Structures are given as structure tokens and as C-alpha cells.
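Accompanying notes for the structure given below.
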């Protein structure tokens with residue numbers, strides 16, 4: 001109960017402060033669609049690439065809480081919170097409350113915690129992963145009433161792919177665990193295998209969506225390479241480096257001070273081999289995500305195998321439970337890291353999105369200052385051009401009406417997918433976005449303003465190469481407002 005209250009308060013605070021960024025605004029706009037039929041048609045058109053259940057849950061959350069930062073992210077807050085609680089149950093059943101607490105808190109010091117306040121499906125997928133592990137553990141144990149657990153397992157596994165295509169990977173650790181369990185028992189558990197088979201049916205129903213949406217995907221730019229695989233583990237676990245380093249120090253110190261006791265094995269805190277196999281398979285999920293991305297020819301992102309954190313947290317919790325003194329030290333390290341991270345977040349005005357390093361604002365007044373600089377420009381009829389794809393979407397969303405009517409995102413190349421997607425998003429969902437291609441835009445606009453951040457210099461170079469004359473008109477923090485004049489070619 002104490003964890004749930006503290007988690008809800010801290011995560012709700014983060015969710016309410018962080019402004020929507022590029023990816024999240026696709027969620028916001030698509031969740032406004034009136035019914036499943038409209039949503040399905042938009043998804044088939046390739047406007048976004050997630051299955052429908054995710055948007056329906058966001059729509060439900062919005063209807064309960066309102067279309068706000070908190071309302072759009074509430075399902076993910078619940079998903080990651082449930083994941084942590086499930087880790088506690090899964091580990092504490094085989095060890096102690098101390099081991100369960102270590103497992104429960106560990107995800108909160110990794111990149112996985114970002115997805116607790118991100119309006120995208122990854123927090124929901126890991127929530128399904130936690131529920132699947134707990135239900136499978138209970139269903140595999142001798143019990144008179146196992147059918148409720150089998151139904152829970154089937155629901156968790158079925159919902160994973162309905163949130164995100166790579167949610168199908170949730171079947172992997174359960175299947176590995178069952179293979180190990182069948183080897184120990186000498187026979188297969190056919191009711192459980194039947195549950196896995198039945199729960200895979202919803203993923204099969206989405207095959208038309210995956211096939212149709214492939215035509216709208218740009219060519220892969222993030223290939224599933226060995227380097228990308230290793231970077232998944234590094235980027236996800238790097239925020240926890242102080243906890244991991246402190247754990248290593250505690251183990252080494254205990255080895256020096258009490259080597260005989262450290263070498264003793266505890267029979268009380270032991271996990272069955274099939275559960276260990278499932279956790280090890282969880283740790284390998286990024287490998288399976290790379291293989292799957294390579295097979296279907298799509299981009300690979302670290303978050304696609306994010307559920308691997310369940311394996312790492314589970315094994316760490318089991319190890320901590322075997323030596324209570326070390327486990328208590330790890331627990332204190334985790335609590336200290338969580339507290340420090342919260343204070344850092346409260347003091348910050350922006351944070352970095354993990355997969356793109358895009359700077360997301362957590363200070364709405366500071367973000368809105370950009371519109372004052374735009375409105376102060378002398379000619380109210382001159383369009384304001386945005387040239388940076390990731391930044392343009394939130395700039396459109398938060399703009400006041402008098403500025404929004406002047407904003408236009410301009411793509412340099414006609415084969416760039418950002419402008420194309422903006423146009424489709426506006427047509428299907430009424431998104432307040434306007435987009436054009438550079439050659440078309442300059443043919444009808446000899447003079448315009450450009451608003452951009454620290455990377456605007458890259459675009460300025462191209463504008464100068466096109467013969468433009470550029471004058472600085474204003475500043476808003478690290479952003480510049482430039483006046484651009486492009487002479488017409490005879």
C-alpha cells in the first residue's frame with residue numbers, strides 16, 4: 001500500500017509536468033477518434049503503427065480524467081505500477097519481502113521508468129509482462145483452482161500484442177519456462193500450452209493491420225545490429241549504474257569480512273528451475289526483438305525489448321534475499337537513487353527522451369515563452385516556418401490560436417515522411433498542424449520567419465546555399481526567430 005501511494009504520487013507528478021512530445025501527440029490525436037471503425041481505418045492508412053487497444057484505453061482514460069498530461073498517461077502509470085507489484089509477488093513467493101522489494105523498486109531506477117509517464121504503449125506492455133509472470137507462476141503451482149490464473153495468463157498474453165506489435169515477445173519467457181518445467185515434470189502441461197495457443201489468436205487478427213501499415217513505414221534507419229543490441233542493455237541500465245556499483249561494493253565487502261557465510265547456499269530462498277529459465281529468457285528479450293525486427297524489416301528501438309528488465313530485477317531480488325544484510329544495503333541504495341532522481345526531476349526544466357535524446361520540456365511557462373517571441377514579430381501576416389521535425393509537433397499543439405494559424409512545418413525533401421504524416425494526421429484527426437515542402441513553399445513565399453532551436457544552424461546553412469538573406473528577429477531561451485528572404489528566380 002505504501003509503495004502504491006508513493007508511486008502514484010511521484011509518477012503522477014512527473015506525468016503532469018512533462019509536456020507532450022512528437023510521438024505522444026500521435027496518441028493524443030488518434031485517441032480522439034469517435035469509434036473503433038474510424039480508428040481502424042486510420043491505422044490501416046499508416047498514420048500510426050500501434051494496434052487499436054492502446055488508443056482505446058487512452059480514450060477511456062481521457063473520458064475519465066480529461067485530455068490532459070495526466071489523463072493521456074494514466075494507463076501507462078497503472079501499467080508500470082502493476083509491473084512493479086507483480087515483480088514483488090513473483091520474487092517474494094520464492095524468497096522474502098526484502099527480495100520482493102528489491103525487485104519491485106529496481107525498474108524505477110532504469111530507463112523503463114520513463115515509460116510510466118509516456119503516452120505510448122510500452123508501459124502497458126511491461127505491465128502485461130508482469131501479470132503474465134505472476135499468473136503463470138500461480139497456474140504452474142499445484143492448486144485446486146488454477147483456471148482463474150490460466151485465464152489471467154491468457155488475458156495478459158493476448159493484450160500484449162494488442163498494445164504493441166512487439167508485445168508478441170511476451171510469449172517467449174513463458175514458453176521457455178514451460179519447456180524447462182516439462183523437462184522437470186517429464187510431461188507437458190497441456191492446459192497451460194492450450195492457454196498460450198488460444199491467447200495468440202488476437203495477434204493473428206492484427207496481421208492485416210501490420211501488412212497494410214508496412215506500406216506507410218519509411219525505410220528502416222535503425223537496423224537491428226549487434227551494436228544496437230548491446231546499446232539496449234547499456235542505455236536501459238545506465239541510470240542504475242550507482243546502484244549496481246554499490247551492490248558490487250557490498251558483495252565485495254561481505255566477501256572480505258565474512259567469506260565463509262557468503263559462500264553458504266540458502267535452500268530456503270531458492271527459485272524453481274523453470275522460473276529461473278523464464279527470467280533468463282526475459283533477459284534475452286532484446287535478442288528476440290532484434291531477430292523479429294530483422295525478419296519483418298522494420299526499425300529496432302531499445303524499448304521493443306524493454307520487458308527484459310523483469311528478468312534482471314527478478315534475479316537481483318532473489319540474490320538480495322539470500323543475504324539480508326546485502327539485500328538491505330541494496331534496498332537503501334535503490335531508495336536513495338529514487339529520491340535523488342525525483343529531486344533532480346523537480347528541479348529540471350527539461351529531460352531527454354531515451355531513444356532520440358530529444359529534449360522534452362517539463363516547464364510549461366518556459367515552453368510557452370516561444371510564442372511571445374513569435375507574436376512580437378512586426379508583421380503578423382508572415383508565416384512562421386518550423387524546420388525541425390520532432391520539435392514542430394509540440395510547437396503546433398501548445399500554440400495559441402493567433403500564432404497557430406501562422407505556423408507551418410516545411411520539409412526539405414518531398415520524400416520525407418514527416419510532412420506527409422502531418423498532412424494525414426490533419427485530414428484524419430483534425431490535428432492543428434500545417435505542412436508543406438520547401439520547393440512548393442518558397443515558390444509562393446518570398447519572405448517568412450523561421451523558428452528553431454540549437455540545431456537550426458544546420459538549416460540556416462541550407463537556406464544560405466539557396467540564396468536566402470537571414471536576419472535575427474528575436475530569441476526565446478535557446479531558440480531563435482529568424483527573418484528569411486528568398487529572392488525569386490527569374
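The values are calculated or read from the model by the stated rules, or taken from the named source; none is laboratory data. The structure presented is a predicted model; accordingly, all values stated were derived computationally and were not measured. For neighbour counting, all protein chains shown are included, and Cβ atoms are generated from backbone atoms with ideal geometry for every residue, glycine included.
Within the range 128-145, which residues are more than 17 Å from residue 168 (Cβ to Cβ) and in contact (Cβ under 8 Å) with a residue 24 or more places away in the chain? Don't jump to the end; show me each part of the working.
To start, the set of residues in the range 128-145 that are more than 17 Å from residue 168 (Cβ to Cβ) comprises 134-135, 137-145.
Scanning the range 128-145 gives 134, 137, 139, 140.
So which helices (runs of 4 or more DSSP H) are wholly in the range 302-376 and hold at least 2 residues that are farther than 27 Å from residue 170 by Cβ, at pLDDT 95 or above and more than 19 Å from the chain's Cα centre (by Cα)?
Counting at least 2 such residues, we get 324-347.
Sort out which residues of the range 232-254 are touching a residue at least 12 places away in the same chain (Cβ under 8 Å) and within 14 Å of residue 283 (Cα to Cα), and write them in order of number.
232, 233, 236, 237
Would you confirm whether any residue within the range 114-123 is touching a strand residue (DSSP E or B) at 6+ places or on another chain (Cβ under 9 Å), surrounded by 22 or more Cβ atoms within 10 Å (Cβ to Cβ) and outside any loop (DSSP other than H, G, I, E, B)?
Checked against the condition, which is being touching a strand residue (DSSP E or B) at 6+ places or on another chain (Cβ under 9 Å), surrounded by 22 or more Cβ atoms within 10 Å (Cβ to Cβ) and outside any loop (DSSP other than H, G, I, E, B), the range 114-123 yields at least one hit.
So if I check each of 278, 219, 201, which one is at pLDDT 90 or above, out of contact with any strand residue (DSSP E or B) (no Cβ under 9 Å at 6 or more places or on another chain) and either closer than 30 Å to residue 163 by Cα or loosely packed, with under 11 Cβ neighbours inside 10 Å (or both)? Explain how you work it out, then say what you get.
Values: 219 fails: at pLDDT 90 or above; 201 fails: at pLDDT 90 or above.
Exactly one of 278, 219, 201 is at pLDDT 90 or above, out of contact with any strand residue (DSSP E or B) (no Cβ under 9 Å at 6 or more places or on another chain) and either closer than 30 Å to residue 163 by Cα or loosely packed, with under 11 Cβ neighbours inside 10 Å (or both), namely 278.
Quick one: is residue 224 modelled with pLDDT of 80 or more, touching a helix residue (DSSP H, G or I) at 6+ places or on another chain (Cβ under 8 Å) and outside any helix (DSSP H, G or I)? Show your work before the answer.
On the way: modelled with pLDDT of 80 or more: yes; touching a helix residue (DSSP H, G or I) at 6+ places or on another chain (Cβ under 8 Å): yes; outside any helix (DSSP H, G or I): yes.
It is true that residue 224 is modelled with pLDDT of 80 or more, touching a helix residue (DSSP H, G or I) at 6+ places or on another chain (Cβ under 8 Å) and outside any helix (DSSP H, G or I).
Inside the range 422-454, can you point out the residues that are more than 30 Å from residue 31 (Cβ to Cβ) and in contact (Cβ under 8 Å) with a residue 60 or more places away in the chain? Before you say what the answer is, go through the steps one by one.
Taking the range 422-454 and keeping what is more than 30 Å from residue 31 (Cβ to Cβ), we get 438-450, 454.
Within the range 422-454, 445, 447, 448, 449, 450 meet the criteria.
Hey, among the residues in the range 93-104 that are within 24 Å of residue 152 (Cβ to Cβ) and touching a residue at least 40 places away in the same chain (Cβ under 8 Å), which one's surrounded by the fewest Cβ atoms within 10 Å (Cβ to Cβ)?
93
Among the residues of the range 336-354, how many are touching a helix residue (DSSP H, G or I) at 6+ places or on another chain (Cβ under 8 Å) and closer than 14 Å to residue 239 by Cα?
Residues meeting the conditions: 8.
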